[in-house]
Amino acid sequence: MTATLIDGKELAGILRREVANRIAASAITPGLATVLVGDDPASGIYVASKRRLSVAAGIRDHHRHLPSDVTQGELERVVDELNSDAEVDGILVQLPLPAHLDTAAVIARIDPDKDVDGLTEVSAGRLALNRPGLQPCTPSGVIRLLDWVGVDIKGTRAVVVGRSDLVGRPQAQLLLARDATVTVCHRYTTDLASVTRTADILVVAAGVPRLVGAQHIKPGAAVIDVGIHRTDDGLCGDVDFDAARQVAGFVTPVPGGVGPMTIASLLQNTVTAAELHRRRR
Ligand code: NAD
């Protein structure tokens, strides 16, 4: 079997155009504040893409770049300012933060109604209770990819590899909310392949290059690779793509799979937050 490729770049382009149309059709100019601390090159590249694509869709840019030695108090004051700025609908603090900063405390400071990354305890609680709220960008992008290619999530067995706050845990919640039977694997899972082989939908977010090979995949499964790694041979994911495409029914490439969807979801969350704020005023 040769798997169908899921083109995240194409869907992300469609979703970004939808966002641009939603903004153009309304009297709202949403505002997004990205907060970058320090000069980590990868974080700089991610933030630059988020800003560029937001502006292209009609979102106003309220970027803040802070020095790597910013104190906890200074960073929290910036978050407080953005919380009370009526022009700012979404706040995204780019992670990871430098080691001297308390990430959980910074995230906790963000107004949940501006939490376009979906990382605050309030957002996570809403997701866990299946209530409306802003949801983490990468896992919601994964759900959109599955919907787009026509995978009917309801009633499937889904396995998520990874349990991070950013991807694995919210991914499991989103699949559960869509009536999948969900299993979560992590670094202490024994015999990973015996679990992943039960999956109709396999989402891999372990941060281990090519962790998942053909022996981990049920024939015909939808395999979504969240991982991204820079190697001497270029970019690769947590899934051995060449092996997976021989067994899976659907597979996402790296790059061009989940990555572009993360930014498209961020834009959607920002417009959703802006619409909510305008309704309240
Ligand atoms: P993380 O390091 O915070 O979490 C990794 C998780 O995988 C942990 O829960 C750990 O227990 C589990 N794990 C590690 N080794 C394992 C193993 N051998 N078997 C089973 N489980 C194992 O990482 P994260 O933030 O969730 O990111 C995961 C990957 O996704 C990374 O490669 C990251 O760069 C990538 N990522 C991509 C996007 C995107 O937009 N494409 C967004 C976020 C993260």
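The values are calculated or read from the model by the stated rules, or taken from the named source; none is laboratory data. This structure is a prediction, so every number in the text was calculated from the model and none was measured. Cβ sites come from the backbone with ideal geometry, for glycine too, and all protein chains shown count toward neighbours. What goes into the accessible areas is simple: the full protein's heavy atoms, side chains included, and nothing from ligands, DNA or RNA. Shrake-Rupley method; radii C 1.70, N 1.55, O 1.52, S 1.80 Å.
Determine which member of the set Gly155, Gly207, Gly141, Gly150 is in a loop (DSSP other than H, G, I, E, B) and touching a residue at least 40 places away in the same chain (Cβ under 8 Å). Every option except Gly207 fails the conditions.
Evaluation of Ile153 against the conditions (1) surrounded by fewer than 21 Cβ atoms within 10 Å (Cβ to Cβ); (2) within 18 Å of the chain's Cα centre (by Cα) shows that the sole unmet condition is (2). A single member of Ser84, Ser49, Ser43 is touching a residue at least 24 places away in the same chain (Cβ under 8 Å) and surrounded by fewer than 16 Cβ atoms within 10 Å (Cβ to Cβ), and it is Ser49. Residues that are under 30 Å from Gly249 (Cβ atoms), assigned to a loop (DSSP other than H, G, I, E, B) and either at pLDDT 95 or above or open to solvent by 10 Å² or more (accessible area, probe 1.4 Å) (or both) do not occur anywhere in region 29-38. If you go through region 163-182 and keep only what is open to solvent by less than 60 Å² (accessible area, probe 1.4 Å), touching a strand residue (DSSP E or B) at 6+ places or on another chain (Cβ under 7 Å) and closer than 21 Å to Gly227 by Cα, you end up with Gly168, Gln171, Ala172, Leu175, Val182. Among the residues of region 233-264, those that are in a loop (DSSP other than H, G, I, E, B) and under 19 Å from Gly220 (Cα atoms) comprise Asp238, Asp240, Ala248, Gly249, Thr252, Pro253, Gly257.
Among the residues in region 203-210, are any within 16 Å of the ligand (Cβ to nearest atom) and more than 21 Å from the chain's Cα centre (by Cα)? No, the conditions are met nowhere in region 203-210. If I filter region 98-112 for residues that are surrounded by fewer than 21 Cβ atoms within 10 Å (Cβ to Cβ), in a helix (DSSP H, G or I), within 12 Å of the ligand (Cβ to nearest atom) and modelled with pLDDT of 95 or more, do I get at least one hit? Scanning region 98-112 turns up at least one residue that is surrounded by fewer than 21 Cβ atoms within 10 Å (Cβ to Cβ), in a helix (DSSP H, G or I), within 12 Å of the ligand (Cβ to nearest atom) and modelled with pLDDT of 95 or more.
Of all the criteria given as (1) within 9 Å of the ligand (Cβ to nearest atom); (2) under 23 Å from Leu119 (Cα atoms), the one not satisfied by Gln173 is (1). Residues in region 58-81 that are within 23 Å of the chain's Cα centre (by Cα), more than 24 Å from Val19 (Cβ to Cβ) and surrounded by fewer than 16 Cβ atoms within 10 Å (Cβ to Cβ): 1 in all. Of everything in region 241-266 that is within 16 Å of Ile143 (Cα to Cα) and aliphatic (A, V, I, L, M), the residue that is farthest from the chain's Cα centre (by Cα) is Val251.
Restricted to region 259-277, and to residues there that are hydroxyl-bearing (Ser, Thr, Tyr) and either touching a Cys at 6+ places or on another chain (Cβ under 7 Å) or within 14 Å of Leu11 (Cα to Cα) (or both), the residue that is most open to solvent (accessible area, probe 1.4 Å) is Thr262.
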